[in-house]
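Worksheet for the structure shown next.
Every number here is computed from the coordinates shown, using simple stated rules; none is lab data. What you are looking at is a predicted structure, and each value in this text was computed from that prediction instead of being measured. Counting neighbours? That spans all protein chains shown, and the Cβs are built from the backbone with ideal geometry, glycine included.
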Amino acid sequence: MEFDSEDAARKFYMGYARRMGFVVRIMQRRRSRTDGTTLARRLGCNKQGFSPNSKGTNGPEKKPRPSAREGCKATILVKMEKSGKWVVTRFIKDHNHPLVVTANGYSTVGDKDKKIEELTLELERQEQLCAAYREKLFNFMNNVEEQTEELSSKIQVIVDNIRKVESEMLKSFLQ
């Protein structure tokens, strides 16, 4: 499959996850070293991997809690091709845990999964806002650059005129 944008691929996988009965976890992003743009994104089931060790680095062992992670391997990897399209390069659909599907497509597993889903949606909205602000900032910077160039050329004309007047005054003074 291919998508027009990273966001379109993410939305597709989140919709797929909702229909299948699991929650998406955004796992990895690979960026360009030259300009920092995202080149690849890996998404997977929120039960992917295992919880880290419960022993704190700055204190005693934490109170043990049941882990939400179960080592699930379900994942999708999308990469941006030279054409600008985002292409699915890896897809693992098998889960090692039961999926929970309801009539409206949302999981009833627990508050934690619902919170993850809500926060993921909020993160998407915030990323869209950041993109809009970034575009406005670039437009503003381009406008400032254009105005600076225009002002610079006007100042150069003034400087040339002043030099011309000074030269004429010096000539009339010497005569």
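Which entries of LYS47/LYS79; LYS79/LYS114; LYS85/LYS115; LYS112/LYS136 have Cα-Cα distances beyond 25 Å here?
LYS79/LYS114; LYS85/LYS115; LYS112/LYS136
Counting only other residues whose beta carbon sits under 9 Å from that of ARG10, what net charge do I get with K and R as +1, D and E as -1?
Charge balance in the 9 Å sphere: -1.
Karplus couplings for the range 168-174 from phi (6.51 cos²θ - 1.76 cosθ + 1.60, θ = phi - 60°), rounded to Hz, Gly and Pro as x?
Here the 3J(HN,Hα) series is 5, 5, 5, 4, 5, 5, 6 Hz.
Excluding VAL23 itself, what net charge comes from residues whose Cβ is under 11 Å from its Cβ, given Lys and Arg +1 and Asp and Glu -1?
Every neighbour counted, the sum reads +3.
I need the phi-derived Karplus couplings for the range 88-99: 6.51 cos²θ - 1.76 cosθ + 1.60, θ = phi - 60°, integer Hz, Gly and Pro marked x.
Values per residue, Gly and Pro as x: 6, 10, 8, 8, 10, 9, 6, 10, 9, 8, x, 9 Hz.
Amide H neighbours of LYS73 under 5 Å, counting only residues 5+ apart in sequence or on other chains, H built in-plane at 1.01 Å?
Amide H to amide H, under 5 Å and 5 or more residues apart or across chains, LYS73 pairs with ASN96.
Using modelled backbone amide H atoms (1.01 Å from N, in-plane), which distant-in-sequence or interchain residues come within less than 5 Å of LEU39's amide H?
Hits under the 5 Å cutoff: ARG30, ARG31, SER32.
Starting from the Cα gyration tensor of the range 118-175, take the square roots of the eigenvalues, sort them a ≥ b ≥ c, and report rounded, prolate or oblate (rounded when a/c is under 1.5, otherwise prolate if a/b is larger than b/c, else oblate).
Cα axes put the range 118-175 in the prolate bin.
Return the long-range amide H neighbours of VAL23 (sequence gap of 5 or more, or a different chain), with a cut-off of under 5 Å between placed amide H atoms.
So VAL23 has HN proximity to ASN46.
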